[in-house]
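Peer 1: One structure follows; several queries about it will come next.
The values are calculated or read from the model by the stated rules, or taken from the named source; none is laboratory data. Please read these numbers as outputs of a predicted model, since none were measured by experiment. Neighbour counts run over all protein chains shown; Cβ positions are idealised from the backbone, glycine included.
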Amino acid sequence: MNQPLPNLKRGQAGIIAGIDAAQPTAKRLADLGFVSGIRITMVRPGKPCIVRIDGRFVGLGASCQQIIRVVPN
Amino acid sequence: MTSLCSLPVARKNAVVALAGNPNTGKSTLFNALTGFRQRVGNYPGVTVEKKTGLLEHEGDGPRIEIIDLPGAYSLSATSADEAIVLDVLLGHKEGIAPPDLIVVVLDASNLSRNLFFASQLLEIGRPVVAALNMVDLAEAAGISIDAAVLSQGIGCKVVPVVATRQVGVTQLKQAIRDCLDTPASNRCPSFPECVCAELDGLNQSVRSNGAPATHPPRVQLLQTLLTPGGYHEQAMIRRCGRGLADELARRRHRIQEAGESIIEVEARIRYAWIDRVLDQAVTRTAPARRNRTEIADRWLTHRLFGLLIFLLAMGICFQSIYAWAAPVMNFIDGAFAMLGGALTAVMPAGALRSLAVDGVVAGVGAVLTFLPQILVLFLFLAILEDCGYMARAALLLDRWMGLLGLNGKSFIPLLSSFACAVPGIMATRTIEDRRDRLVTMLVAPLMSCSARLPVYVLLIGAFVPSVPLLGGLLDLRAATLLAMYAIGAGVAIPVAWLLKRTVLRGTPQPFLIELPTYKWPSPSTVLHRMYEQGRAFCTSAGTIIVAVAVVVWALGYYPHPASIAEEHDARRQAIVAAGAPEPGLSQQLDEIDRSEAGAYLRQSFLGRMGRWIEPLVTPLGWDWRIGTAAIASFPAREVVIATMGTIYNLGGDQDAASVSLREKLRSATWPDGRPVFNLAVALSLMVFFALCCQCGGTLAVIKRETRSWGWPLLTFTYMTALAYVGALATYQIAGRVM
Ligand SMILES: Nc1nc2c(ncn2[C@@H]2O[C@H](COP(=O)(O)OP(=O)(O)OP(=O)(O)O)[C@@H](O)[C@H]2O)c(=O)[nH]1
Ligand SMILES: [Mg+2]
């Protein structure tokens, strides 16, 4: 079910279920395309991790990862 | 709408702004449009300040000014950098008219995210032209875009371009001129009813405040409403008073009641609109293949190998600074020594010859010798920047930056500071958090900039023996150089740590960075970067360094009392009269020459000042000449080499001009005949330079960025104190060990 992003394993994909709006970076993440329903792939887990979203690569630090919730495929 | 301000026929001047996401080629396009050479690089945040130029075009027509802006992801503005972009685009900057047209630069290989910002820009209400850049990359990736359909979909003209190869630039210029008076037609997505209602309400209450000319466009009100704690919210509260904060809270609450997410609604609506547009305009001619970037990143961002590769790259860089630059350096050195010798031979003895030989040639020559090192350093930095590696380095080092309480974003400004702290400090604008930004700014000058390189190279070449280490992989000299770079970076750790726990306390900020795709560095960009830095270095050698060299020469030459000449002439005559046999005779005469030169220097203004500060620098192992040179280089540290060149030339014997500065340092002595320099002294001097804030430019830029004198003052004080203590410790320890 709905889990925090860091639970994804290397190469595993998921669908974004939501972003924790209480965080100040939430709007920035959303504007960058991290919105509900979008497919996200964990390319390199860790802190920071690399994810692929919409064909591009984004590096996310620990606190950014925690506020993204996903439903793993 | 805002098109009221355009007068179709009589237009004389127009302002056009280039806006778009970071790293989409805005600066490359700016250069293509204006014939300028703006700095480009393949990582987000290369341009940190807006630049303007004139559109190059044939025939008549309005004079069009082009503005190159830093990249932004969204109008919501979460960093200082993005706030600048907005101020320019919305015409909030004092004294700068809002642009008459916005060129939104789109990365064709990454359209969806690019169109998010574009759709916001289209809502400002100004005429917009879209430059669809990097179509070469898109085609290579199997993406084909129909510009006409895209143009239909988004409601403004779309011109495909390849900025790096100047493809489509003429068409873009034409489109800019054609569209100056046609506001974008509104094809933009509509928001849910609950958001629109609150937006209308907000518009009403903001309208009742402030002059009508400054009414914010609807898209700015949207950001005010949907970005809690953002830049727009703060600006609007400043304008309308505290009451607005409560109003915003109420309105947001109502939107949430209606079942919308404040944070996500804008992205959801816009991305849905983008998907619809792209669905018609884009066809994939080939399936997306597993790209090289992902494979390369498997190694380059590997937790262990990635770091090793990073260290290896740095090691190679420093090793080649030695290996490649040394022969050229010796050549330049020799050429200036010969020039000095030739001038000595042809010019009559006196103040003028001394000024030319001891002041200008010795000073400037000493500095220019280091041009090859600077070029090699920038060759490496430019390659790393242009291929897209920098963003990975930031990612890799995020963890380590975390130890300082900073995040990986601070790494790129710090790395640029290895070239020069001034652009490094400006690059801190991409850091969202104010405290993190300040900490980064305050430690940036500790990174060994290229102006320190000459000091290291000179002293290492003269006093550190060449010993192969690690089975010949690294030389002791290169290792010492690496150590000097490590000292600055190493000291930055406790300093940042301390700052984060005292004056600038705060929690670590979230780290979020886009990783651009790798590409081959473009030779022209790399060469241009080297050329630019080389030119800047030579210009400073030709201006400030000549000026300081002349001042130092004058202080070291005058008052030049006649009594010294008389006294020494008397001694010369006495020896000649005594009729000693040959080799001894000329030796004695040389001895007298040296003592005469030394006496002049001691009697000079510089010599007197030097003796005054001598007690301060003796514990560091320095003689007064080193102390004077160090003090003279507080305005700009690259001056030190010229100053030492001048001082040691003045104090040397008559034909000293033909001996390189390195030799002169080796043969310099204390009055009792002990050599001034040894390894311990050289190390102490290098440590001093590594840690000291000898750069007026850095302090000025910190003042400008922080708008206060306090921060530059703090930087100067802590660095100078650290430098003194560091040099003292180095000399005392090294002196004992060796
Ligand atoms: N292949 C290709 N590369 C391009 C093109 N235009 C720009 N580039 C490259 O893209 C990179 C970024 O270019 P810049 O001009 O610095 O981008 P920018 O938008 O000014 O970036 P910021 O100032 O960081 O926002 C550079 O490495 C350019 O050489 C293009 O049309 N095709
Ligand atoms: Mg740029």
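Peer 1: From B:ARG434, B:ARG399, grab the single residue that is within 23 Å of B:TRP711 (Cβ to Cβ), surrounded by fewer than 23 Cβ atoms within 10 Å (Cβ to Cβ) and at pLDDT below 85.
Peer 2: Every option except B:ARG434 fails the conditions.
Peer 1: If I filter the stretch B:230-239 for residues that are in contact with a His (Cβ under 9 Å, 6 or more places away or on another chain) and outside any helix (DSSP H, G or I), do I get at least one hit?
Peer 2: no
Peer 1: Just the residues that are touching a residue at least 40 places away in the same chain (Cβ under 8 Å) and out of contact with any strand residue (DSSP E or B) (no Cβ under 9 Å at 6 or more places or on another chain), please, taken from the stretch B:421-431.
Peer 2: Across the stretch B:421-431, the qualifying residues are B:PRO423, B:ILE425, B:MET426, B:ALA427, B:THR428, B:ARG429, B:THR430, B:ILE431.
Peer 1: Please work out which one of (1) within 19 Å of B:GLU294 (Cβ to Cβ); (2) out of contact with any strand residue (DSSP E or B) (no Cβ under 8 Å at 6 or more places or on another chain); (3) more than 9 Å from chain B (Cβ to nearest Cβ) is the condition A:GLY46 fails and give its number.
Peer 2: Condition (3) is where A:GLY46 drops out.
Peer 1: Test B:GLY506 against the stated conditions and say whether it is within 14 Å of chain A (Cβ to nearest Cβ), touching a residue at least 24 places away in the same chain (Cβ under 8 Å) and not in a strand (DSSP E or B).
Peer 2: yes
Peer 1: Out of all the residues in the stretch B:245-262, is one or more assigned to a helix (DSSP H, G or I), within 14 Å of chain A (Cβ to nearest Cβ) and of a type in the set (Lys, Arg)?
Peer 2: Scanning the stretch B:245-262 turns up at least one residue that is assigned to a helix (DSSP H, G or I), within 14 Å of chain A (Cβ to nearest Cβ) and of a type in the set (Lys, Arg).
To keep it simple, each residue is scored yes or no on (1) more than 16 Å from ligand 2 (Cβ to nearest atom); (2) in contact with a helix residue (DSSP H, G or I) (Cβ under 6 Å, 6 or more places away or on another chain); (3) within 22 Å of B:VAL277 (Cα to Cα); (4) outside any helix (DSSP H, G or I).
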| position | (1), (2), (3), (4) |
| --- | --- |
| B:SER144 | yes, no, yes, yes |
| B:SER151 | yes, no, yes, no |
| B:VAL158 | yes, yes, yes, yes |
| B:GLN171 | yes, no, no, no |
| B:GLN174 | yes, no, no, no |
| B:ARG177 | yes, no, no, no |
| B:PRO183 | yes, yes, yes, yes |
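Peer 1: Would you be able to tell me the number of residues in the stretch A:49-66 that are closer than 15 Å to A:ARG10 by Cβ and more than 7 Å from chain B (Cβ to nearest Cβ)?
Peer 2: The number of residues fulfilling the criteria is 4.
Peer 1: Here's another thing I want to ask about it. Identify, by number, the condition in (1) more than 16 Å from ligand 2 (Cβ to nearest atom); (2) β-branched (Val, Ile, Thr); (3) closer than 20 Å to B:ASP178 by Cα that B:VAL135 doesn't meet.
Peer 2: Answer for B:VAL135: the failing condition is (3).
Peer 1: Can I ask one more? Just checking, how many residues over the stretch B:354-401 are without any contact (Cβ under 8 Å) to a residue 12 or more places away in the chain and either touching a Leu at 6+ places or on another chain (Cβ under 7 Å) or outside any helix (DSSP H, G or I) (or both)?
Peer 2: 0
Peer 1: Then there's this: State whether one or more residues within the stretch B:271-279 are on the phi > 0 side of the Ramachandran plot and more than 14 Å from every other protein chain (Cβ to nearest Cβ).
Peer 2: no
Peer 1: Where the second residue is within 11 Å of ligand 2 (Cβ to nearest atom) and of a type in the set (Lys, Arg) and the first is in the same structural domain as B:ASN114 (by TED's automatic domain parsing) and farther than 14 Å from B:LEU115 by Cα and lies in the stretch B:63-74, which pairs have Cβ atoms under 6 Å and are six or more apart or on separate chains?
Peer 2: The qualifying pairs are B:ILE67/B:LYS50; B:ASP68/B:LYS26; B:ASP68/B:LYS51; B:LEU69/B:LYS50.
Peer 1: Any chance the stretch B:216-236 includes a residue that's away from every other protein chain (no Cβ under 13 Å), surrounded by 12 or more Cβ atoms within 10 Å (Cβ to Cβ) and modelled with pLDDT of 90 or more?
Peer 2: No; the residues of the stretch B:216-236 include none that is away from every other protein chain (no Cβ under 13 Å), surrounded by 12 or more Cβ atoms within 10 Å (Cβ to Cβ) and modelled with pLDDT of 90 or more.
Peer 1: Now for a different question. Identify the single condition in (1) surrounded by fewer than 16 Cβ atoms within 10 Å (Cβ to Cβ); (2) more than 30 Å from B:LEU132 (Cβ to Cβ) that B:LEU199 does not satisfy, given that it satisfies every other one.
Peer 2: (1)
Peer 1: Kindly provide the set of residues from the stretch B:573-612 that are assigned to a helix (DSSP H, G or I) and touching a Phe, Trp or Tyr at 6+ places or on another chain (Cβ under 7 Å), ordered by number.
Peer 2: The answer is B:PHE605, B:GLY610, B:ARG611.
Table: residues versus (1) touching a residue at least 24 places away in the same chain (Cβ under 8 Å); (2) under 28 Å from B:ASP433 (Cβ atoms).
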site	(1), (2)
B:PRO671	no, no
B:ASN678	yes, no
B:PHE689	yes, no
B:THR715	yes, yes
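Listed here are the residues, each with its yes/no results for (1) in contact with a Gly (Cβ under 7 Å, 6 or more places away or on another chain); (2) at pLDDT below 85; (3) over 30 Å from B:THR28 (Cα atoms); (4) surrounded by 13 or more Cβ atoms within 10 Å (Cβ to Cβ).
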| site | (1), (2), (3), (4) |
| --- | --- |
| B:VAL455 | no, no, yes, yes |
| B:ILE460 | no, no, yes, yes |
| B:TYR485 | no, no, yes, yes |
| B:GLY488 | no, no, yes, yes |
| B:ALA492 | no, no, yes, yes |
| B:TYR531 | no, no, no, yes |
| B:GLY534 | no, yes, no, yes |
| B:ALA541 | no, yes, no, yes |
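Peer 1: Still on this structure, please answer the following. In the list B:ILE96, B:ILE124, which residue meets the criterion of being in the same structural domain as B:TYR73 (by TED's automatic domain parsing), assigned to a loop (DSSP other than H, G, I, E, B) and more than 31 Å from the chain's Cα centre (by Cα)?
Peer 2: B:ILE124
Peer 1: Restricting the first residue to the stretch B:128-145 and requiring it to be within 14 Å of another protein chain (Cβ to nearest Cβ), which pairs with a second residue that is within 16 Å of ligand 2 (Cβ to nearest atom) meet a Cβ separation below 7 Å and a spacing of at least six or different chains?
Peer 2: B:MET134/B:GLY25; B:MET134/B:ASP107
Peer 1: Across the stretch A:42-73, which residue is surrounded by the most Cβ atoms within 10 Å (Cβ to Cβ) among those that are touching a Phe, Trp or Tyr at 6+ places or on another chain (Cβ under 9 Å) and in a helix (DSSP H, G or I)?
Peer 2: A:CYS64
Peer 1: Given the condition assigned to a loop (DSSP other than H, G, I, E, B) and under 36 Å from the mean Cα position of the chain (by Cα), answer yes or no: does some residue in the stretch B:187-207 qualify?
Peer 2: no
Peer 1: Also, I was wondering about something else. Hey, does the stretch A:22-41 have a residue that's surrounded by fewer than 21 Cβ atoms within 10 Å (Cβ to Cβ), within 11 Å of chain B (Cβ to nearest Cβ) and of a type in the set (D, E, K, R)?
Peer 2: Checked against the condition, which is being surrounded by fewer than 21 Cβ atoms within 10 Å (Cβ to Cβ), within 11 Å of chain B (Cβ to nearest Cβ) and of a type in the set (D, E, K, R), the stretch A:22-41 yields no hits at all.
Peer 1: Further question on the same structure: Please determine, by comparing only the residues of the stretch B:160-169 that are away from ligand 2 (no atom under 16 Å from the Cβ) and modelled with pLDDT of 90 or more, which one is farthest from B:THR34 (Cα to Cα).
Peer 2: Applying the filter and picking the extreme gives B:PRO160.
Peer 1: Only one of B:ASP246, B:ASP297 is surrounded by 15 or more Cβ atoms within 10 Å (Cβ to Cβ) and either within 30 Å of B:ALA483 (Cα to Cα) or of a type in the set (D, E, K, R) (or both). Can you tell me which?
Peer 2: Result: B:ASP297 is the single residue among B:ASP246, B:ASP297 that is surrounded by 15 or more Cβ atoms within 10 Å (Cβ to Cβ) and either within 30 Å of B:ALA483 (Cα to Cα) or of a type in the set (D, E, K, R) (or both).
Peer 1: Which of the residues that make up the stretch B:406-426 are within 13 Å of another protein chain (Cβ to nearest Cβ), closer than 13 Å to B:VAL443 by Cα and part of a loop (DSSP other than H, G, I, E, B)?
Peer 2: B:LEU406, the sole residue that qualifies.
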